[in-house]
Amino acid sequence: MANKLTFDAIVVGGGPAGTSAAITMAKAGLQTILIERGRFAGAKNFFGGVLYTHALDEVLPDWQSRGPALERPVTDTGYWLLSPDSVLRFTQKSERYKKVPAESYTALRANFDPWFAQQAMDLGVLVITKTTVTGFLRDERGRVIGVTTDRPDGDVYAPVVIIGEGVNNLLTQQLGLAKSDLPPRYVALSVKEYLGLPEKEVEARFGLSGPDEGVAIDIFGDVTLGLPGTGFIYTDKAGISIGCGLLLEQLVINNLKPYEILARFKNHPIIKPYLEGAERLEYGAHLIPETGYDRMPALYTDGVMVAGDAAGMVDALHREGTNLAMIAGKMAGETAIEAHKQKNFSAEFLRGYRRRLQDSFVLKDLKQYRRMTDFLDSTPHFMETYVNFANDAAYRYFTAHGMAKRDMEKEIIRLLTRRRSFLGIAVDMIKLLRGMRG
Amino acid sequence: MSEKKRTTLNPALAATLPPTNVDDLLVSVKYYVDEEYAHIRIKDDKVCAECAHHPCLDFCPAGVFTQDRTGKILVGYQACLECGSCRIGCPYQNVDWNLPRGGYGVAYKFG
C-alpha cells in the first residue's frame with residue numbers, strides 16, 4: 001500500500017464509550033476514525049433500556065437541540081418483588097422527575113446509537129462501518145501504533161487507540177489487558193423482547209399521563225425462578241421492553257433456556273395483563289459484564305485505553321452502564337488529547353486515564369459495589385426467600401382475620417423463620433450490607 | 001467448572017417453564033448471513049461426545065447448538081445473536097467463537 005492510512009486517534013466500536021471518546025477528541029481537533037463492525041453504529045447493541053442525561057451533558061452539552069433518539073423520560077421507577085402469585089411494589093412516581101431534560105430516558109439502541117454516531121460524524125469523525133478490527137499494529141518496541149481490520153488494505157495507523165469493543169473484549173484480551181476470558185459467574189446473560197403497543201395503550205396500562213412520562217422497573221424473585229438475576233420492564237414510546245437476565249453460570253449448571261424463563265415471566269399472572277395484545281417486534285440477547293472492580297481488565301497500555309463494557313464498567317445494582325461508558329469514553333478522549341499535546345503515548349502517560357476515572361463516580365461506584373456479584377452468587381436463595389416472605393407478610397398485613405394484631409405480627413415473624421433461621425438472616429444481612437457498602 | 005455444583009433449582013419450579021420454540025422468537029431478528037464464513041466452530045467433537053449435560057443446547061439464547069441423531073453437536077451459526085455466551089459458558093472451552101466479518105451477522109432494528 002502506497003499511503004499509510006494515518007489518523008490522530010482510532011476508536012474501536014460505535015457504542016456509548018467509543019462514540020463519546022470520538023466526539024471528545026474531534027471537538028479538540030484530533031483527526032479521529034471510528035471503526036464499527038455492524039452495518040451501522042448500534043446494529044450489534046442491545047440493552048434493557050435507560051440512558052442518563054448527566055453523561056450526555058458532559059459529552060455533548062447541546063445534545064437536546066440535536067434531536068436525540070430517545071423513547072420516554074423515566075418518571076416512575078423502582079423495584080417489584082414478584083412471588084409466584086403476587087407482587088410487592090417499591091416504586092416512586094414524582095413530579096420531580098418531570099423536568100426537561102429528565103434525569104434518564106428509556107431508549108432503543110438501534111435508534112440511539114446511530115444518532116449518537118451521527119453527532120460524531122457532524123463533528124468531523126470518520127465513521128467506518130461494516131469493518132471488524134482484528135488485531136494491532138506495533139512498532140519495533142511492541143507498542144501499539146494502529147489496528148488491522150478485515151478490509152483489504154485495511155490497516156489503520158494512529159498513535160493512540162481507544163477500545164470500546166463491548167463485552168466480548170477479544171481485543172482487550174489480545175493485548176493481555178484482560179488476563180482471561182469473562183468468568184461465567186460474573187457475567188449475566190440478558191434476553192429481551194421489544195413489544196409494540198399503541199402509545200395510548202402503553203400510557204393507560206402504566207398510568208402515564210402522556211409521552212412525557214414513562215416507567216423503568218427492575219423485578220426480583222419469581223422472574224428468575226429465584227436464581228440470581230433480575231427482570232425488567234421499560235416503557236418505550238409505542239411499546240414495552242421486557243426482559244430478564246441471569247448469571248450465565250446459573251443457566252449452565254441448571255440447563256436453563258433463557259427464552260423459556262422470559263416466556264414464563266411474560267406469562268406470570270401479574271405481568272400478563274400489561275402485555276396483552278402487544279406484538280413482538282424484536283427479540284435479542286446480550287451479555288452484561290458484572291465482573292466487578294477486582295476483576296476489571298487493566299485500562300491502558302502503550303498507545304491504548306479501554307472503556308465501557310470491554311472494561312467491565314457496569315454497576316448492575318443501579319442498572320447503570322451506558323453512563324459509565326460515556327464518561328469513561330470522554331475521559332479516555334481527554335487523555336488522548338493531552339497525550340497529543342505532550343507527544344507522549346506511553347502507558348505511563350495514559351495512566352492519567354485511570355486517575356481521571358478514579359476521581360469520578362465510575363471507579364468509585366465500581367469499587368463500592370465490588371462484592372455485589374459475589375453476594376448474589378453466595379446467597380442464591382436470597383431472591384426467593386425474601387421476596388416470597390415479603391409477599392406473604394404483606395398479604396397477612398393487609399388482610400383482617402379477626403385476630404389480635406400482636407398475634408398477626410408473631411405470625412409474620414414465623415413466616416420468616418420458617419424459611420430461614422435468625423442466624424441465617426443475620427448472615428444474609430451482613431453480606432448484603434457488605435455488598436452495598438463495599 | 002459446571003460439574004462441581006450441578007443444579008440448585010427446585011425441579012417443581014423448573015417444570016413451570018413453558019416449552020418455547022426459539023425459532024418463533026428469531027423470526028423477529030434481522031440477519032445478514034455470511035454464507036462463506038462460519039464464525040462459530042466446535043473445536044473438538046470428541047470433547048462434546050464426553051460432555052455429560054450439553055448446557056450449550058439450553059443456555060444459547062438463539063438455539064444455535066443442536067444435536068443430531070448420533071449425538072453430534074451441530075452449529076447453526078446463522079441464528080447467532082453474537083452475545084458470546086457459548087465462548088465462555090462451555091464448561092470445556094470447546095467453542096471457537098469469533099466476531100463475524102464486518103457487516104455480517106445480526107443487525108438489530110430496535111436494539
Worksheet item: With (1) in a strand (DSSP E or B); (2) under 19 Å from residue A:108 (Cβ atoms) as the list, and residue A:46 as the residue in question, which single condition is left unmet?
Response: (1)
Discussion item. I'm checking my understanding of the structure. Among residues of segment A:191-204 that are buried (at least 23 other Cβ atoms within 10 Å of the Cβ) and either free of Cβ contacts under 8 Å to residues at least 24 places away in the same chain or out of contact with any helix residue (DSSP H, G or I) (no Cβ under 9 Å at 6 or more places or on another chain) (or both), which one is nearest to the other protein chains (Cβ to nearest Cβ)?
Written reply: A:194
Worksheet item: Pick from segment A:177-196 the residues that are touching a Pro at 6+ places or on another chain (Cβ under 9 Å) and in a loop (DSSP other than H, G, I, E, B): which of them is nearest to residue A:6 (Cα to Cα)?
Response: A:177
Fill in: Residues of segment A:274-293 that turn out to be within 7 Å of chain B (Cβ to nearest Cβ) and surrounded by fewer than 22 Cβ atoms within 10 Å (Cβ to Cβ), as a count
2
Worksheet item: In segment B:93-111, what count of residues is obtained for those that are crowded, with 21+ Cβ neighbours inside 10 Å, more than 7 Å from chain A (Cβ to nearest Cβ) and over 17 Å from residue A:169 (Cβ atoms)?
Response: 2
Worksheet item: Which numbered condition trips up residue A:65, out of (1) of a type in the set (Ser, Thr, Tyr); (2) closer than 19 Å to residue A:210 by Cβ; (3) not in a strand (DSSP E or B)?
Response: (2)
Practice prompt. Considering only segment A:64-75, state which residues are surrounded by 20 or more Cβ atoms within 10 Å (Cβ to Cβ) and closer than 30 Å to residue B:81 by Cβ.
Written response: A:70, A:71, A:72, A:73, A:74
Worksheet entry | Selection from segment A:246-259 of residues that are more than 8 Å from chain B (Cβ to nearest Cβ) and in contact with a Phe, Trp or Tyr (Cβ under 8 Å, 6 or more places away or on another chain) | A:247
Worksheet item: Somewhere in segment B:60-82, is a residue free of Cβ contacts under 8 Å to residues at least 24 places away in the same chain, within 20 Å of residue A:183 (Cα to Cα) and facing another protein chain (nearest Cβ under 7 Å)?
Response: no
Worksheet item: Considering segment A:396-438 alone, what residues qualify as being hydroxyl-bearing (Ser, Thr, Tyr) and either modelled with pLDDT under 90 or outside any helix (DSSP H, G or I) (or both)?
Response: A:399, A:421
Worksheet item: Out of curiosity, is residue A:330 closer than 19 Å to residue A:312 by Cβ and charged (D, E, K, R)?
Response: yes
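Name the residues in segment A:394-410 that are closer than 20 Å to residue A:85 by Cα and more than 33 Å from the chain's Cα centre (by Cα), would you?
Scanning segment A:394-410 gives A:395, A:396, A:397, A:398, A:399, A:400.
Looking at the structure I just gave you, is residue A:42 surrounded by 21 or more Cβ atoms within 10 Å (Cβ to Cβ) and on the phi < 0 side of the Ramachandran plot? It would help to see each step written out before you state the result.
Details: surrounded by 21 or more Cβ atoms within 10 Å (Cβ to Cβ): yes; on the phi < 0 side of the Ramachandran plot: no.
Judged against the criteria, residue A:42 is not a match.
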Item to complete: Take the residues in segment A:294-335 that are at pLDDT below 95 and over 14 Å from the mean Cα position of the chain (by Cα), then tell me which one is surrounded by the fewest Cβ atoms within 10 Å (Cβ to Cβ).
Response: A:294
Item to complete: Any chance you could count how many residues in segment B:45-59 are touching a strand residue (DSSP E or B) at 6+ places or on another chain (Cβ under 8 Å) and within 14 Å of chain A (Cβ to nearest Cβ)?
Response: 4
Worksheet item: Residues in segment A:348-395 that are within 14 Å of chain B (Cβ to nearest Cβ), crowded, with 18+ Cβ neighbours inside 10 Å and in a helix (DSSP H, G or I): how many?
Response: 7
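Of all residues being β-branched (Val, Ile, Thr) and assigned to a helix (DSSP H, G or I) in segment A:228-253, which is farthest from residue A:282 (Cα to Cα)? Just the residue, please.
Taking segment A:228-253 as the starting set, the residues that turn out to be β-branched (Val, Ile, Thr) are A:230, A:233, A:235, A:240, A:242, A:252-253.
Still in the running and assigned to a helix (DSSP H, G or I): A:252-253.
On the way: A:252: 25, A:253: 28 Å.
Restricting to residues being β-branched (Val, Ile, Thr) and assigned to a helix (DSSP H, G or I), the top hit is A:253.
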Worksheet, complete the sentence: Note on segment A:112-148: residues surrounded by fewer than 19 Cβ atoms within 10 Å (Cβ to Cβ) and closer than 30 Å to residue A:211 by Cβ are A:115, A:118, A:121, A:122, A:123
Discussion item. Of the residues A:81, A:30, only one is aliphatic (A, V, I, L, M) and in the same structural domain as residue A:330 (by TED's automatic domain parsing); which?
Written reply: A:30
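Restrict the check to segment A:116-124 and report whether at least one residue is within 14 Å of another protein chain (Cβ to nearest Cβ), under 23 Å from the mean Cα position of the chain (by Cα) and in a helix (DSSP H, G or I).
So in segment A:116-124, the residues within 14 Å of another protein chain (Cβ to nearest Cβ) come out as A:116-117.
Of the ones still in play, those that are also under 23 Å from the mean Cα position of the chain (by Cα) are A:116-117.
Pick out the ones that are also in a helix (DSSP H, G or I) and you get A:116-117.
Yes, that holds for at least one residue.
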Discussion item. Which of the numbered conditions does residue A:188 fail, given that it passes all the others? Conditions: (1) over 21 Å from residue A:284 (Cα atoms); (2) crowded, with 24+ Cβ neighbours inside 10 Å.
Written reply: (1)
Worksheet item: Are there any pairs with C-beta distances below 9 angstrom linking a residue in segment A:414-438 that is at positive phi to a residue that is assigned to a helix (DSSP H, G or I) and of a type in the set (Phe, Trp, Tyr), with the two at least 6 apart or on different chains, and if so which?
Response: A:438/A:293
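The values are calculated or read from the model by the stated rules, or taken from the named source; none is laboratory data. Quantities reported herein were computed from a predicted structural model and do not represent experimental measurements. Note that each Cβ is placed from the backbone with ideal geometry, even for glycine, and that neighbours are counted across all protein chains shown.
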